[in-house]
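What follows is a single structure, written as structure tokens, with notes after it.
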Amino acid sequence: MQMLNVALPKGRLGEKVYAMFKKAGFPCPSIEEPSRKLIFENVACGVRYFWVKPSDVAIYVERGAADIGVAGKDILLEYEPEVYELLDLDLGKCRMAVAAKAGFRDDTRRKLRVATKFTNIASQYYLSQGRDIDIIHLNGSIEIAPILGLSDVIVDIVETGTTLKENDLQVYDTIVPISARLIANRSGYKFKGDQIDRIVESIQQQLQAEK
Ligand code: PRP
């Protein structure tokens, strides 16, 4: 049997996703034991799992190191990897939003300074608004930028809203809702379509049953 390579996002989301794959008929007992290992396989079921940094899953899948994987819609929109998006898993739900200090007013005579990790998403959004921007790429702690005057607004992920609130920022617009997606490598899907379809169908049923 050919092995199906699955890239799981390391962390709580990945554990939930593994539980869905297990229910779909692809268990792997070794992954359930505490360890620092990153690769696990169950030859009898024809599956190999590996834990990768959530933002790297799409790269593994796009390049074929993994046949399928689970990535956030934010990553798919930002990097536009050439993969198939098979399913919305309805997990890891949050939104991409524009936030700024309370009382912020956009001065359209000037370029808007936008700090973000998601420069592609932010650029496309402001292009669609016809608004000229100066994009400032940051790697984290984006919320600090408007407080220190580095930027006028930020484009970032908002889940509970706690981070914004505790840093005296407010949401000014929601760009797009985000959730975890099951993605597949394009040629992997051709060769392992049967196995992948089995998983997709089972997960669809599981999601339906939860509703
Ligand atoms: C994200 C995001 C916010 C925070 C929002 O960061 O950048 O900082 O979560 O969540 P909240 O609305 O529930 O407060 P994450 O924890 O994913 O880490 P990161 O800084 O590496 O992006």
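For the reader, a short list of remarks on this structure follows.
- Extension gain from Leu127 to Gln205, taking 0.36 nm per residue of separation minus the Cα-Cα distance: 24.2 nm
- Each principal axis of the chain carries a Cα extent, and these read 64, 34, 33 Å when sorted largest first.
- The string of couplings for the stretch 180-185 from the Karplus curve (6.51, -1.76, 1.60, θ = phi - 60°) is 7, 10, 7, 10, 9, 5 Hz, one whole number per residue in order, with x for Gly and Pro.
- For the pair the stretch 1-22 and the stretch 110-148, the centres of their Cα atoms are 33 angstrom apart.
- Evaluated at q = 0.17, 0.22 Å⁻¹: base-10 log I(q)/I(0), Debye formula over Cα of the stretch 83-193: -0.82, -1.18
- Between the Cα long axis of helix 12-23 and the first principal axis of the chain there is an angle of about 30°, rounded to the nearest 10.
- Links that overshoot a 23 Å alpha carbon limit, given the list Lys73/Lys111; Lys10/Lys101; Lys53/Lys93; Lys16/Lys53; Lys23/Lys192: Lys73/Lys111; Lys10/Lys101
- The stretch 19-62 gives an Rg/Rh value of 0.98, both radii derived from C-alpha positions and Rh following Kirkwood.
- 5 angstrom amide H check on Ala66, placed H, neighbours 5+ away: Val61
- From helices alone, the chain scores -9000 deg cm²/dmol at 222 nm; the rule is -39500 (n - 2.57) for each run of n ≥ 4 DSSP H residues, then divide by the residue total.
- Sorted ascending by nearby beta carbons within 10 Å, beginning with the fewest, Arg12, Arg36, Arg131, Arg113 become Arg36, Arg12, Arg131, Arg113.
Every number in this text was worked out from the coordinates using simple rules, so none of it is lab data. Worth saying up front: this structure is predicted, and the values here are computed from it rather than measured. A quick note on method: Cβ atoms are made from the backbone with ideal geometry, for glycine too, and the neighbour counts reach across all protein chains shown.
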